[in-house]
Amino acid sequence: KTVKLGDFGLAIAAQQSLLDAPPRGKARYMSPEVATGCCKAAQKSDVFALGVVLYAMISWLFPFDRPGDKNFAMLLEKGPRALIDGQGALSLYTDAALDLLSKMLVTEDKRLSISQVMQHPLLASKSK
């Protein structure tokens, strides 16, 4: 079975004036690079947002409310496992899920590409 997930909150016309506009999107899904305005949204920003979705699907909790809050800082400094443990939800996660999240919910330079996400052991056997 296939599940398709879509969020058109960031869907905009590709006009140059809009591409130069300040970052848009839901704060709970915003990657660090988009939140700080240092970079334009890219595919790796989507990987971060998908990591937030995976996190919420497993624990029924969001990792943070907005970029810059204490949970966002903890996520980037100590990683998802510390944040999940602090929220009392560690028992809900498999080792594979924790490993994948630790590679999605990180700064852009350390974050997996979408191809690498799909090749991760948590998803690889299910995507064939």
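Within the straight-line cut-off of under 14 Å between alpha carbons, the aspartates and glutamates reachable from Lys44 are Glu33, Glu108, Asp109, sequence neighbours fewer than 8 places apart in one chain being disregarded. Solvent-accessible surface of segment 38-128, taken per residue with a 1.4 Å probe and all protein chains present: 58 Å².
The values are calculated or read from the model by the stated rules, or taken from the named source; none is laboratory data. Worth saying up front: this structure is predicted, and the values here are computed from it rather than measured. In case anyone asks, the SASA skips ligands and DNA or RNA and just uses the protein heavy atoms, side chains included. Shrake-Rupley method; radii C 1.70, N 1.55, O 1.52, S 1.80 Å.
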